[in-house]
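Here the structure is laid out as structure tokens; the discussion comes afterwards.
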């Protein structure tokens, strides 16, 4: 019995096997699966601490996840997507704790613009300031940067800034956008074009149309209705349907009629106004699109996207891969094992590929210069 035991012990100690077990453990926590020996593999207790960092003339809130008993943990900034919970979003918190439990010092900055359903260029500045703060706070020469959903795209824009890029050992973008205007067109047409010309036909999540209407309310509502319409849509995006109906009653009759179309999930009625409104803000959409920045990104990049993502279509990751300089994309996976940014059920082959990608990504976050 001694020889098989030694072989098994050797396998468990082999770097590749260890990396994959660590990745599987982290994914189980992210997916909120019941605790088990695998989910607890090599996991450490985690302490949380709310802090703040300077961005321009403002102080921004952040949370630190500190692994207990780990000397010089590898630091990484993890950024929430477009959601009103911001850094409190449960999936983000599970992701941060999963990484921290495996030896990473994780900082999750609050990006107020993203929490208010606005994807705009300034978010990249805030993300870059969080990177600089974590470098100073940790004492490490470089840190990792990971963005979820639209924050993945904004993280890539942040990485194009030389003053930020010099502090990065890698960037991870999960469910990210390449061209914001193209994603918003997907919400209108239910079609996404890949770099090779193939057209992916998929029913876009109505969430996208609501975010578009909220962010560009002046294209859908009369000027006198815009403030109240935004309040109504914000309440609806916060999933308070009853409260949203109460706020809608304060709109003009025309505003109420338009809002009723949204309540009835009649997103087709918005297409003409959306086309007109988006055309008017094209420079702003371009400024928030990684496509126009990626030629300046030379830090290793890991890309992951859900094959069935109907918020940011998976074709966007193909565009990111094409737009990055040759050799920069270290790992690219479009997986049926995840949805938008959440882990879901799939075949064992898809699960294995996701574990393999996660192992490479975590090794990439760990592989910076000596700390």
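No lab work stands behind these numbers, since they all come straight from the coordinates. Everything numeric here is computed off the predicted structure, so don't read it as measured data. Cβ sites come from the backbone with ideal geometry, for glycine too, and all protein chains shown count toward neighbours.
Between residue 239 and residue 190, what's the calculated FRET efficiency when r is the beta-carbon distance and R0 is 25 Å? Round to 0.05. Walk me through the numbers on the way to the answer.
Details: r = 23 Å, r/R0 = 0.92.
After rounding to 0.05, the efficiency reads 0.60.
Would you mind ranking 286, 363 by Cβ crowding within 10 Å, fewest neighbours first? Mind showing how you got there, number by number?
Values: 286 14, 363 18.
Fewest-to-most Cβ neighbours within 10 Å comes out as 286, 363.
Considering every alpha-carbon pair of the range 100-164, the percent of pairs per 10 Å bin, from zero through the bin containing the longest distance, is 21, 54, 24, 2.
If you model the range 171-248 as an ellipsoid using its alpha carbon gyration tensor, with each semi-axis the square root of five times an eigenvalue, the axes come out at 29, 14, 12 Å, biggest first.
If the chain between residue 21 and residue 295 were fully stretched, how many nm would it gain, using 0.36 nm times the residue separation less the Cα-Cα distance? Numbers along the way, then the final one.
On the way: separation 274, 0.36 × 274 = 98.64 nm, distance 3.48 nm.
Length difference between fully extended and current span is 95.2 nm.
If the Kirkwood radius is taken over C-alpha pairs of the range 24-68, then at 25 °C and 0.890 mPa s the Stokes-Einstein diffusion coefficient equals 193 µm²/s.
Computing FRET efficiency as 1/(1 + (r/R0)^6) for residue 226 and residue 346, where r is the C-beta to C-beta distance and R0 is 41 Å, gives about 0.45.
Counting other beta carbons within 10 Å of each residue's own, what order do 302, 207, 293 fall into, fewest first?
With the fewest neighbours first, 302, 207, 293 line up as 207, 293, 302.
All C-alpha pair distances within the chain, sorted into 20 Å bins from zero, spread as 29, 55, 15, 1, 0 percent across the bins. For the range 31-175, the Kirkwood hydrodynamic radius comes to 15.1 Å, computed from all pairs of different C-alpha atoms.
Distance between the pseudo-spin-label points of residue 326 and residue 286 (7 Å out from Cα toward the beta carbon): 2.8 nm.
Which order results if 171, 183, 135 are arranged by neighbouring Cβ count within 10 Å, fewest first?
Numbers: 171 30, 183 24, 135 19.
If I rank by nearby Cβ atoms, fewest first, I get 135, 183, 171.
Taking label positions 7 Å along the Cα-Cβ direction at both residue 268 and residue 72, the computed distance is 6.2 nm, reported to one decimal.
Over the chain, dividing the summed -39,500 (n - 2.57) contributions of all DSSP H runs of at least 4 residues by the number of residues returns a 222 nm mean residue ellipticity of -13500 deg cm²/dmol.
Stretching residue 47 away from residue 112 to a fully extended chain increases their span by 21.0 nm, per 0.36 nm per residue minus the current alpha-carbon distance. Compared with the dominant Cα axis of the chain, that is its longest principal axis, helix 348-366 is turned about 80°. Annotation: Cα Rg of the range 235-371 relative to the compact-globule expectation 2.2 N^0.38 Å equals 1.45.
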